[in-house]
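Comments concern the structure below.
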Amino acid sequence: MENVIVSWSGGKDSTLALYNLMENSDYCIKGLLSTTSQASGRLPIHEVRREFIQAQAESMGLPLYDVPLPEMADNNTYEQTLQQKFDQFKSEGVFTIVYADLFLEDIKEYRDRLLAKSGMSGLYPLWGRASNTIAKEFISAGFKAIVSTVDTEKLPADQAGCKVDNNFLCSLPTDVDPCGENGEFHTFVVDGPIFHYPVSVQPGIQFTTNNGKFVHVELIEV
């Protein structure tokens, strides 16, 4: 059985990748890996607060390895910080990081290069599968999620805070990937078959980043 750590965004793709591996007896999930901003306490780009990522991990009974990053960290700082964490994982018998990427070759190549520097490798359980299939599988498996972020150049701002369901998928323009793989939207998973209990959050007010390009919904405790 291979020990793995799952790169964790709190969204639907990383959740489905984790779900698939939990169903596979060849792998032992040793925890989740997230990076958050030291300044904001949020997951960059997704802008979900650290405590809600932690709440997901607790509901699934998995340890969360949170890697705090300085505000506006450059690529060198990012890589050095992650490599320190990779060294920790290796000392604990973990040599594989799981990613939920679907088809972006440049991102996969970057991840593999970074891992190779530390003597580790990547595992991509969703790689090459059709986005529409992945999105429908997530919903049909019984997972529930909230759209946490939208790129307003691709989707209306009022989509932030919507439920991820078949109605949402049907509403997407044809040029938007059904999984938001190109950054059109991001999600936060609140419940599903690998959760022992729901994460008690609901959509609150909206806020923006990147001069209004991205609209996020503030998740609040129920």
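If you take the beta carbon distance between T77 and K108 as r and set R0 to 25 Å, what does 1/(1 + (r/R0)^6) give as a FRET efficiency, to the nearest 0.05?
0.70
For segment 70-159, go through all pairs of different Cα atoms, get the mean of 1/r, take its inverse, and jot down that Kirkwood value in Å.
With all distinct Cα pairs of segment 70-159 included, I get 15.9 Å.
Among K12/K108; K30/K163; K30/K117, which pairs are too far apart, with a Cα-Cα distance over 23 Å?
Flagged as over cut-off: K30/K163.
Of all DSSP beta bridges in segment 5-100, what percent run antiparallel (nearest 5)?
In segment 5-100, approximately 10 percent of DSSP beta bridges are antiparallel ones.
Using the heavy atoms of the protein chains and a 1.4 angstrom probe, tell me the accessible area per residue for the chain in square angstrom.
For the chain, the solvent-accessible area averages 46 Å² per residue.
As a check on your grasp of the helix formula, calculate [θ] at 222 nm for the chain: sum -39500 (n - 2.57) over DSSP H runs of n ≥ 4, divide by the residue count, round to the nearest 500.
-9500 deg cm²/dmol
Among the aspartates and glutamates, which fall within straight-line cross-link reach of K213, defined as a Cα-Cα distance under 16 Å, with same-chain neighbours fewer than 8 residues apart omitted?
Correct list for K213: E47, D151, E153, D158, E184.
Charges only on Cβ, +1 for Lys and Arg, -1 for Asp and Glu: so what's the dipole of the chain about the Cα centre, in debye to the nearest 20?
Computed about the Cα centre, the dipole is about 240 debye.
Can you give the Rg and Dmax of segment 1-97 based on its C-alpha atoms, in angstrom?
Both quantities, over Cα of segment 1-97: 13.5, 40 Å.
When the Karplus curve 6.51 cos²θ - 1.76 cosθ + 1.60 is applied with θ = phi - 60°, which whole-Hz ³J(HN,Hα) does each residue of segment 167-177 get, with x for Gly and Pro?
Karplus values, whole Hz, x for Gly and Pro: 5, 5, 4, 5, 7, 6, x, 5, 8, 9, 5.
For D175 and T133, what is the calculated FRET efficiency with R₀ set at 25 Å and r taken between the beta-carbons, to the nearest 0.05?
Numbers: r = 18 Å, r/R0 = 0.74.
For R0 = 25 Å, the calculated efficiency reads 0.85.
How large is Rg/Rh for the chain, to two decimals, with Cα atoms and a Kirkwood Rh?
0.94
Could you work out what % of the accessible surface of the chain is carbon and sulfur, using a 1.4 angstrom probe and leaving DNA, RNA and ligands out of the count?
Working: 4930 of 10290 Å².
Carbon and sulfur: 48 percent of the exposed surface of the chain.
Among DSSP beta bridges whose residues both lie in the chain, state the antiparallel percentage, nearest 5.
In the chain, approximately 50 percent of DSSP beta bridges are antiparallel ones.
The values are calculated or read from the model by the stated rules, or taken from the named source; none is laboratory data. The structure presented is a predicted model; accordingly, all values stated were derived computationally and were not measured. For neighbour counting, all protein chains shown are included, and Cβ atoms are generated from backbone atoms with ideal geometry for every residue, glycine included. Remember, those area values only see protein heavy atoms, side chains included, never the ligands or the DNA or RNA. Shrake-Rupley method; radii C 1.70, N 1.55, O 1.52, S 1.80 Å.
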